Amino acid sequence: MKSVIAKDQKVFIEDRPKMDIMPSFLLIKTLYSAISPGTELSLITASNEREISLGYSAVGIVEECGDGITGFQRGDIVACYGAPYVGHSEYLCVPMTLCAKVPQGMDPKEASLAGIGAIAIHALRVAKLAFGEIVVIVGLGLLGQMIAKIAHAAAYDVIAFDTQAERGAMLTEESGITSFSKLEEMEEEIKKHTANRGADAVLLCTGGKRTRLTGQSLEWIRGQGKIVIVGDVEPDFPRELMFGKEAQILISRAGGPGRYDPVYEKQAVDYPYGYVRWTEGRNVAEYLRLVKEKRIKIDSFITEEVNIDQAPAAYKDLINKKSKTLTKLISFR
């Protein structure tokens with residue numbers, strides 16, 4: 001089977017043997033997978049001499065169910081999330097805890113972004129915002145835009161920022177969310193919008209490790225406000241301003257509870273619903289609901305599609321910023 005891998009900072013198609021089904025796992029014939037540029041371009045840069053499998057968000061048809069499977073059957077279309085089980089590969093063997101059935105009538109292309117949707121949903125859960133609170137989203141790449149759309153759907157008051165004006169324009173056109181590309185204008189809007197009190201939370205969805213935005217973000221929140229680190233940035237915050245505002249600095253880890261837990265993932269043992277309401281798998285299902293019910297619009301994310309054999313060229317376009325879209329879907333049809 002064909003799989004997309006990175007090695008020596010380049011992207012290749014590799015033929016790998018089709019995996020065997022395991023208990024509590026689903027064998028899935030992939031329909032589409034979504035490229036997540038922020039994460040995957042970083043992996044390509046770090047690949048050097050070692051092989052790294054790329055991708056973590058996909059949709060496909062259940063071809064076989066392992067022993068102990070409940071709630072799924074052969075022929076179901078499912079969204080799935082989470083490396084190393086999910087990647088850009090013709091077949092995937094995924095724990096049932098990382099899968100969710102795609103609602104009837106939903107476009108599989110939309111479902112292929114369920115992993116990105118789960119990460120976005122979890123970031124907002126970490127912020128623990130209440131109805132009507134004001135949140136600033138900094139960085140409008142694929143994940144930042146997804147977070148902004150979901151926050152808007154949840155009736156949070158959203159202010160968005162990215163230095164690339166076209167990204168903000170894309171978000172505003174599709175979702176009507178106020179966005180800015182000049183820092184001074186955004187800061188003025190926060191002051192005006194909050195009567196100079198500050199936003200309830202700032203979600204940092206940028207990359208690039210160290211950035212001045214981390215320290216500046218403390219200036220934009222109210223007393224006891226929150227900063228949530230979502231992107232690949234270093235938590236470099238001036239203590240004096242943190243102390244003065246008694247700010248909460250939080251970090252969002254992937255798609256939710258269960259991530260990196262071998263019992264939840266490798267053994268596919270779900271957490272009790274009454275104790276852990278929102279696992280990474282249930283966040284995947286919630287993303288599907290939001291799209292199915294048209295609570296969020298993601299049309300701008302699914303405009304570019306490439307065949308698996310064209311994947312290396314697609315990554316090159318994303319690296320060289322030749323693509324106008326924020327992602328590309330890889331088709332296995």
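The values are calculated or read from the model by the stated rules, or taken from the named source; none is laboratory data. Since the structure is predicted, the reported quantities are computational estimates derived from the model, not experimental observations. Glycine also receives a Cβ, built like all others from the backbone with ideal geometry; neighbour counts cover every protein chain displayed. Areas reflect the complete protein model, heavy atoms only, side chains present, ligands, DNA and RNA absent. Shrake-Rupley method; radii C 1.70, N 1.55, O 1.52, S 1.80 Å.
Can you give the FRET efficiency to the nearest 0.05 for K182 and D67, using r as the Cβ-Cβ distance and R₀ = 45 Å? Numbers along the way, then the final one.
Details: r = 58 Å, r/R0 = 1.28.
With a Förster radius of 45 Å, E is 0.20.
Based on the alpha-carbon gyration tensor of segment 154-201 and its eigenvalue square roots a ≥ b ≥ c, which shape applies: rounded if a/c is under 1.5, prolate if not and a/b is larger than b/c, or oblate? The partial results should precede the final answer.
Numbers: a/c = 2.67, a/b = 1.35, b/c = 1.97.
Taking the square roots of the gyration eigenvalues as a ≥ b ≥ c, segment 154-201 is oblate.
Given N residues in the chain, what is its alpha carbon radius of gyration divided by 2.2 N^0.38 Å? Please report the intermediate quantities before stating the final value.
Values: Rg = 19.8 Å, N = 333, 2.2 N^0.38 = 20.0 Å.
Cα-based Rg divided by the globular estimate yields 0.99.
Given H placed 1.01 Å from N in the peptide plane, which residues other than close sequence neighbours of V102 have an amide H under 5 Å from its amide H?
I77, V78, A79
Over the Cα atoms of segment 101-200, each weighted equally, I'd like the Debye log10 I(q)/I(0) at q = 0.16, 0.17, 0.22, 0.23 Å⁻¹, rounded to two decimals.
-0.70, -0.78, -1.18, -1.26
Using the per-residue mean of other Cβ atoms lying within 10 Å as a proxy for protection, in what order, highest first, do the peptides 72-82, 182-192 fall? It would help to have the intermediate numbers written out before the result.
Details: 72-82: 20.4, 182-192: 13.9.
Per-residue Cβ counts within 10 Å, averaged per peptide and sorted highest first, yield 72-82, 182-192.
Please list, by residue number, everything in segment 180-201 whose backbone N is under 12 Å from a paramagnetic label point 7 Å out along Cα→Cβ of F237.
201
Please report the spacing between the Cα centers of segment 1-80 and segment 115-168 in Å, no decimals.
Comparing the Cα centres of segment 1-80 and segment 115-168, I get a distance of 27 Å.
Residues with beta-carbon under 15 Å from that of K297, excluding K297: net charge, scoring Lys, Arg +1 and Asp, Glu -1? Numbers along the way, then the final one.
Working: positive: K109, K149, R289, K292, K294, R295; negative: D107, E110, E173, E174, E293, D299.
Taking every other residue near K297 into account, the sum is 0.
When ligands, DNA and RNA are left out and all protein chains stay put, how many square angstrom of accessible area per residue does segment 217-333 have with a 1.4 Å probe? Before the final figure, lay out the partial values.
Values: 6390 Å² over 117 residues.
About 55 Å² of surface per residue is accessible.
For the ranges 119-130, 265-276, 144-155, 60-71, what's the packing order if you count other beta-carbon atoms within 10 Å of each residue, average per peptide, and put the highest first?
Details: 119-130: 21.7, 265-276: 13.8, 144-155: 23.9, 60-71: 16.2.
The packing order, highest mean first, is 144-155, 119-130, 60-71, 265-276.
Between A83 and K321, what is 0.36 nm times their sequence separation minus the Cα-Cα distance? Round to one decimal in nm. Intermediate values should be presented prior to the final figure.
On the way: separation 238, 0.36 × 238 = 85.68 nm, distance 2.50 nm.
Result: 83.2 nm gained on full extension.
Filter the trypsin sites (Lys or Arg not before Pro) in segment 1-48 down to the DSSP loop ones having no more than 15 other Cβ atoms within 10 Å, then list what survives. Can you show the working numbers first?
Values: sites: K2, K7, K10, K18, K29; in loops: K18.
Here the trypsin sites (Lys or Arg not before Pro) that fit, given the DSSP loop and packing criteria, are K18.
Compute the orientation-averaged projected area for segment 1-141 from the convex hull of its Cα atoms and round it to one decimal in nm². All intermediate terms of the calculation are to be shown ahead of the outcome.
On the way: hull surface 41.2 nm².
It is 10.3 nm².
Over segment 42-193, give the accessible area per residue in Å² for a 1.4 Å probe, as an integer. Could you put the intermediate results ahead of the total?
Numbers: 6030 Å² over 152 residues.
For segment 42-193, the per-residue accessible area is 40 Å².
How tilted is helix 114-127 with respect to the longest principal axis of the chain? Cα atoms for both, answer in degrees (0 to 90, nearest 10).
Helix 114-127 and the main axis of the chain meet at about 30 degrees.
Considering only protein heavy atoms and a probe of 1.4 Å, how much of the accessible area of the chain is carbon and sulfur, as a whole percent?
That fraction is 50 percent.
Work out from phi, with θ = phi - 60° and the Karplus expression 6.51 cos²θ - 1.76 cosθ + 1.60, the ³J(HN,Hα) of each residue of segment 277-292, listed in order in whole Hz, and give x for Gly and Pro.
5, 10, 7, 5, x, 6, 5, 4, 4, 5, 4, 4, 4, 4, 6, 4
Treating only the Cα positions of segment 227-298 as identical point scatterers, give the base-10 log of I(q)/I(0) from the Debye formula at each q in 0.12, 0.13, 0.15, 0.18 Å⁻¹.
For the requested q values the scattering log ratios are -0.54, -0.61, -0.75, -0.88.
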